[in-house]
1. Across segment 525-537, in residue order, what do the Karplus-derived ³J(HN,Hα) couplings come to in whole Hz, using 6.51 cos²θ - 1.76 cosθ + 1.60 with θ = phi - 60° and x for Gly and Pro?
2. Within 10 Å of each residue's Cβ, count the other Cβ atoms and sort Lys446, Lys358 from fewest upward.
3. To the nearest 20 debye, what is the magnitude of the charge dipole of segment 476-568 about its Cα centre, counting +1 on the Cβ of each Lys and Arg and -1 on the Cβ of each Asp and Glu?
4. Tell me whether segment 450-591 comes out rounded, prolate or oblate; compute the Cα gyration tensor, take square roots of the eigenvalues as a ≥ b ≥ c, and use a/c under 1.5 as the rounded threshold.
5. Could you work out the relative contact order of segment 204-298? I mean the mean sequence separation of Cα pairs under 8 Å and 6+ apart, divided by the number of residues, in percent.
6. For a quick check: sort Met300, Met581, Met1 by the number of other beta carbons within 10 angstrom, fewest at the front.
7. Determine which lysines satisfy two conditions relative to Lys358: a Cα distance under 22 Å, and not lying fewer than 8 residues away in the same chain.
8. When all alpha-carbon pairs of segment 342-443 are counted, what percent fall beyond 16 Å?
Amino acid sequence: MLKFQNRVVVVTGSGTGIGKAIAVQFAENGANIVILGRRKEPLEEAAKDLEQIIAKVQSGAFVKIFPGVDVSDEEGVSKMFKELKKSPGIVDVVVNNAGVSGPVTCFVNAPMSEFRNTVGIHLTGTFWTSAEAIKAMKPGGKIVTISTFFTEERPFEQRPYRFRSPYTASQGAKNRLAEAMSWELTNKGIISIATNPGPVHSDRIYKTVYPKAAAEFMRVSGFENLTSEEVESINNDILPLLGEAEKTVQEGIKNAATKLAKTKAITSESEVEKLGVTISSLLSKIQQIAEKIQSNTSKMIPDEQFLSQQQVAETVLMLCDNNISRILNGKVIPGDRVFYPVKPHISSSIPDTQPDFKSRIVLFAVDATDESDIIRTEFLAQNIENNGGKCIILISETSTKHTEQRLSKFHSHVIDFTNQENIKRMLNTAAQNIGPISTVVYVTGKIPPLSKLTELSRQQWDGLVDKFINTPALVLQESLNKFVPGGAKNPNLFKDKHGTIIIIGPDMPIGTKVSGSDRAKIEVFRGALRPFVATVNQELSDVLKSKARIYLLLPGSIEGVEPNNARILNAISYFSSGKTMNSSEVIYYPDETRS
């Protein structure tokens, strides 16, 4: 009998690439395979290959395909598991593999719709697939989540991944989600493990991620006599030409030159030909940089070899072994072998700094969950004004009902934080009526009391993702746009520009007996914000040469101590003083005692 014979294995994003390799590995070991994805044709081709394997090993297994299922789609995923509960009735293994590259560009230039979509597929897709799968599992079931170590190795060590901010936020949260689920599913006998394979040979990394990263470097730096906007427009046309036949490449370059000539009102044939030469050089440069990125990454690996898709599949198969999975339950397995040089992005040590906000305007964006969030905001704003500053407070419509009343003594407005135009309009209005904003402080509010993440409705989960990931990103992006108008499309404008943005929260739970499960739930969302902030700051300092900074303050501690608002005020004073400008430390635990 084959090792996984009579077991039912669901693999998301399994029409091609790593997902298909995982499905193949399980089929070779006798499993019944359920594959799903957005595109029908690859799934049908994969199903044919799987059926041939099943016939060869004579396992008598079946293959089910669910085309058109986007893991971020609530209805599609729920409908699939309802059908699986009818037949075969039980799901033994779920592999959360589905993913997208997401926007590969500086955060300030990434459309928020693409940011949300990336988070939706990677993080929410993992959550909802797992939550629905649990209903069809029995003791011994296993959930394996494919993530990446290019986010954070642990809560005190970050691996920023420039140009990939929504990707890093999603992956960091996925690592912590896998841990949280292991706590919550113990009584059901279901195991949750994450694995981070690191760089893997795949079309996505060679044809999409590396070339897009190279193209973004060219957009930021500019190329010959082309503006950043022109480079971006050209890149959209020429990147698909990489790897194509010479004739196709030349035709594509000619079309791109003709298109650009129209926007520049160039009619001379010789000038259009010159544009073609420039565009050809740009494509060549992008290819050189992409190859250099690949080479540099491989040199951080002992044998300088990326993993194969089959090796990743073998790792997943191993993690589903009954004995091994029990040992590794709740772990994030470092499958990646990249020796990544990590700067000290995190600190718990904040020097005492005398508050001095003379003539400074500080804008608070507050999404209060409970009374303590209001007390914190009131304390911070009052002390800033007592020390010469002026505070403006934007209050989320979803804040606790007493927020507006308690903060009415300050210049305050209630707005919809999920509406980007509202945020933009209020920032502009505040600057016009009161003066230039020097600091933006986003107060996330605390994580509301939750029993188990895995028992949340989809609406409740989406509310948490918006409150602690999407909305902070939206406010941050509009704040950067306010500090550097036009900088999204003209990166040169960021050079030497100032501006301070601070995210406060979410807090760790308070109490002498805080459970590991309660801490793990909070860490899912802190685990999104840490790599996100580290990544955006790397872009600001190293790529855009800007003096604008984003800081993350995470109150509370693993010991369950009461957060100290005076320490948060001291941190804001420290950040506003500009003394951290040359430091890579941008994430602080003001109440932690360890370094």
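1. Each residue of segment 525-537 in turn: 8, 5, x, 7, 6, 4, x, 4, 5, 4, 5, 5, 5 Hz.
2. Lys358, Lys446
3. With only Lys, Arg, Asp and Glu charged at Cβ, the dipole is about 300 debye.
4. Here segment 450-591 falls in the oblate category.
5. On the way: 68 pairs, mean separation 32.2, N = 95.
It comes to 34 percent, rounded to a whole number.
6. Met1, Met581, Met300
7. The qualifying lysines are Lys390, Lys409, Lys482, Lys497, Lys547, Lys579.
8. Details: 3051 of 5151 pairs.
Counting pairs separated by more than 16 Å, the tail of P(r) holds 59 percent.
Throughout, read-outs are computed from the coordinates displayed, never taken from laboratory work. These numbers come from a predicted model, not from an experiment. Note: ideal-geometry Cβ built from the backbone for every residue, glycine included; neighbour counts use all protein chains shown.
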